[in-house]
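Q: Quick one: structure below, then a few questions.
The values are calculated or read from the model by the stated rules, or taken from the named source; none is laboratory data. None of these values were measured; they are calculated from a predicted model. When we count neighbours, we look across all protein chains shown, and the Cβ atoms used for this are built from the backbone with ideal geometry, even at glycine.
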């Protein structure tokens, strides 16, 4: 990951990705940058001086490539979905610690391709690679 600090014109590089980044987003409070690359979900603590010199929190729960990560606009939940149809609901929590909340196992023949939270953050719509739509 590369970050450019505009005020100091400083280039920061943090290694740690096994594959190209396919999804990313910020928690509502801006403390955590959540990124997905391959089967790994990494959470970068961007509070205070930022992520440089810190190790990201690794959440290695997916067995195959993560296709998306979507974060509630109002709240601290986010969901990740993979190419074998597995959906995981996470809670970033008040302290920013990602916590596994729920798993929808899915079916390998029905990978997940996209997702969106409802405007109120209560429901989650998930698209499948076979054209199906799931609503949670």
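Q: For a quick check of your reading of the model, give me the residue pairs whose first member lies in region 121-136 and is farther than 18 Å from residue 108 by Cβ, whose second is in a loop (DSSP other than H, G, I, E, B), with beta-carbon atoms closer than 6 Å and at least 6 apart or on different chains.
A: Every condition considered, the pairs that remain are 121/72; 121/74; 121/75; 124/136.
Q: How many residues are buried (at least 21 other Cβ atoms within 10 Å of the Cβ), without any contact (Cβ under 8 Å) to a residue 40 or more places away in the chain and in contact with a strand residue (DSSP E or B) (Cβ under 6 Å, 6 or more places away or on another chain) when one looks only at region 63-87?
A: 0
Q: Something else: Residue by residue through region 90-111, note down the ones that are closer than 21 Å to residue 24 by Cβ and either modelled with pLDDT of 95 or more or assigned to a loop (DSSP other than H, G, I, E, B) (or both).
A: Within region 90-111, 92, 93, 95, 96, 97, 98, 111 qualify.
Q: Looking at (1) outside any strand (DSSP E or B); (2) within 14 Å of the chain's Cα centre (by Cα); (3) modelled with pLDDT of 85 or more, which one does residue 84 not meet, given that it meets all the others?
A: Failed condition: (2).
Q: Let me ask you something else. Does residue 125 count as modelled with pLDDT of 95 or more and assigned to a strand (DSSP E or B)?
A: yes
Q: Let me ask you something else. Go through region 2-55 and count every residue that is farther than 25 Å from residue 88 by Cα, modelled with pLDDT of 80 or more and part of a strand (DSSP E or B).
A: 0
Q: To continue, here is another question. With 45, 29, 120 as the choices, which residue is within 26 Å of residue 7 (Cα to Cα), surrounded by fewer than 15 Cβ atoms within 10 Å (Cβ to Cβ) and over 11 Å from the mean Cα position of the chain (by Cα)? Let's see the steps before the verdict.
A: Numbers: 45 fails: surrounded by fewer than 15 Cβ atoms within 10 Å (Cβ to Cβ); 120 fails: within 26 Å of residue 7 (Cα to Cα).
One residue alone meets the criteria, 29.
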